Amino acid sequence: IVETASWLVRHPLVMSRFIRLRDVRHPPTVAEFAGIVGSEDRLTLLANLTWADIAAVNPHTWTPAQEIFLRELYEGTRALLQGRAADPDPDRARKRLVRQLRGVADESKVQAFADAVPAHYLLSTDPDWMSRHRAWAEIAPDGPVIDVRPDSEKGASDLTVVAVDRPGLLADVLGTVYAFDLSVLAIRAATAELSPPIAIDSLLVAFSGRVVPSSTADHFRNALAAVLRGETAVDDLLRSRGKDPDRRQEVIRVVVRDGDPAAIEVRAPRGRGMPFRIARAISARGFDIVSARVGQWAGSGAATFYVRHRRPTGDLREEVARALEG
């Protein structure tokens with residue numbers, strides 16, 4: 001009992017940091033967290049301590065989204081500690097997707113979509129969303145699909161953008177999000193290597209801590225469509241809404257964790273424009289963003305971007321430093 005209590009005293013914030021700043025569906029994240037807690041007893045006690053610690057601050061500190069992220073991390077870590085973690089084989093995941101969507105759409109088109117999407121997408125995306133994404137990817141060459149739907153359980157809205165891929169597309173999406181004063185909670189990005197390649201970007205966004213109102217969602221959707229079609233430059237949109245697109249992002253601390261994908265943890269002054277400015281900077285340096293978590297930590301803004309480099313050269317940390325300095 002003394003040993004367990006001492007461990008909890010030493011690590012009271014570790015689960016809070018993971019659910020706020022890390023992609024809890026990313027298998028290496030779950031493995032890292034499982035290595036920290038070490039046992040189911042500690043995991044359960046730490047989950048309860050995390051909830052109690054955050055919820056005790058005030059009635060609004062513990063959000064529905066945080067509860068979902070905590071549950072996902074708890075369940076994934078518990079399964080790993082029990083030796084029953086989800087199957088990490090993307091080939092088997094592709095076969096499951098084809099079986100699940102059989103009868104819903106033409107099987108050859110489903111197979112082509114399953115073969116085109118990356119492993120991290122197959123291992124972390126709900127089958128119902130995969131079905132929607134596949135249908136939207138089919139029509140995206142004729143124009144971007146922008147879907148904003150409220151999720152009352154999370155107290156936020158799911159934003160999905162399916163469009164012909166190009167460098168900087170996610171930064172343009174985040175710039176439009178910033179222009180409309182939406183807060184980004186989580187990002188998942190993937191590219192289906194079809195002809196042409198199709199980006200599938202899924203974001204969890206909120207407006208003043210709640211779901212995005214329908215009127216705001218309509219205006220946002222129209223503005224983003226104009227940006228993605230090349231009718232409006234995102235910089236012009238930002239200026240029209242009182243934002244400075246050229247503002248440099250101040251950075252307090254950067255930690256780069258090697259891996260596939262690599263993780264870039266950033267601490268910066270608080271502000272809604274931080275995800276846009278960092279995404280633009282690292283995309284310009286040749287990084288593809290796979291997923292991200294955005295939040296607050298220790299009184300400042302914080303985010304973790306999971307990235308792969310399109311043209312890997314030199315030291316990863318040096319590349320990240322150059323991106324954020326520029």
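The values are calculated or read from the model by the stated rules, or taken from the named source; none is laboratory data. Keep in mind the model is a prediction, meaning the values are calculated, not measured. Backbone-built Cβ (ideal geometry, glycine too); neighbour counts: all protein chains shown. Ligands, DNA and RNA are stripped out before the accessible areas are found, and what is left, the full protein with its side chains, is counted by its heavy atoms. Shrake-Rupley method; radii C 1.70, N 1.55, O 1.52, S 1.80 Å.
What to note about this one:
- Unmet requirement for Arg166, which otherwise passes all of (1) of a type in the set (D, E, K, R); (2) under 23 Å from Phe287 (Cβ atoms); (3) surrounded by 19 or more Cβ atoms within 10 Å (Cβ to Cβ); (4) at pLDDT below 95: (3)
- Residues that are modelled with pLDDT under 90 and surrounded by 18 or more Cβ atoms within 10 Å (Cβ to Cβ), drawn from the range 66-75: Gln66, Ile68, Phe69
- Output for the range 1-56, where each listed residue is acidic (Asp, Glu), within 24 Å of Phe305 (Cα to Cα) and out of contact with any strand residue (DSSP E or B) (no Cβ under 8 Å at 6 or more places or on another chain): Glu32
- Given (1) open to solvent by 30 Å² or more (accessible area, probe 1.4 Å); (2) at pLDDT 95 or above; (3) farther than 27 Å from Thr304 by Cβ, index of the condition Ala225 fails: (1)
- Matching residues in the range 47-65 - criterion: being open to solvent by 70 Å² or more (accessible area, probe 1.4 Å) and not in a helix (DSSP H, G or I): Ala56, Val57, Pro59, His60
- Tally of residues being farther than 18 Å from Gly209 by Cα and in contact (Cβ under 8 Å) with a residue 40 or more places away in the chain across the range 137-175: 17
- Test: residue in the range 182-203 that is of a type in the set (Val, Ile, Thr), at pLDDT 95 or above and farther than 26 Å from Glu67 by Cα: yes
- Search result, residues across the range 180-195 that are part of a strand (DSSP E or B), out of contact with any Asp or Glu (no Cβ under 6 Å at 6 or more places or on another chain) and of a type in the set (S, T, N, Q): Ser183
- Asp244 being farther than 24 Å from Ala163 by Cα, surrounded by fewer than 16 Cβ atoms within 10 Å (Cβ to Cβ) and modelled with pLDDT under 90: no
- Here Val2 clears all of (1) at positive phi; (2) open to solvent by 60 Å² or more (accessible area, probe 1.4 Å) except the condition numbered (1).
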